[in-house]
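Computed from the coordinates by the stated procedures, all read-outs in this text should not be read as laboratory data. Nothing here was measured: the structure is a model prediction, and the numbers come from that model.
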């Protein structure tokens, strides 16, 4: 259930960041959601890791890693995802991050 809720939340954030008008504001993004984004990402990745194949884990983690790369890597989502994932999930994730040339440092 937690993974499903996090997926809905992150899909909503992606929709907002793509420019769809869900809220009225001159400038909007994840900063509008009060709370600890790093903690949210860690909780989501922990839940996702427990119930996902390497492919599913990667699909769920990539949008968070991309978003963090656009925000100066301040939440360290990539290193968190690597530390949380199983060995197989980590291998798959590293390959996909490299393939997509996502900034991690």
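Points worth noting:
- Sequence-separation-based contact order of the stretch 2-99, relative, with Cα cut under 8 Å and 6+ spacing, percent: 28
- Cα-based helix-to-principal-axis angle, 2-17 vs the chain, degrees rounded to 10: 50
- GNM top mover of 78, 57, 70 - the chain, alpha-carbon springs below 10 Å: 70
- Cα-based helix-to-principal-axis angle, 87-99 vs the chain, degrees rounded to 10: 60
- Over the chain: helical MRE at 222 nm, DSSP H runs n ≥ 4 each giving -39500 (n - 2.57), nearest 500: -21000 deg cm²/dmol
- 0 to 90° range, to nearest 10: angle between helix 54-70 axis and the chain longest Cα axis: 50
- Bins of 10 Å, starting at 0 and running to the largest distance - Cα pair percent for the chain: 15, 49, 30, 6, 0
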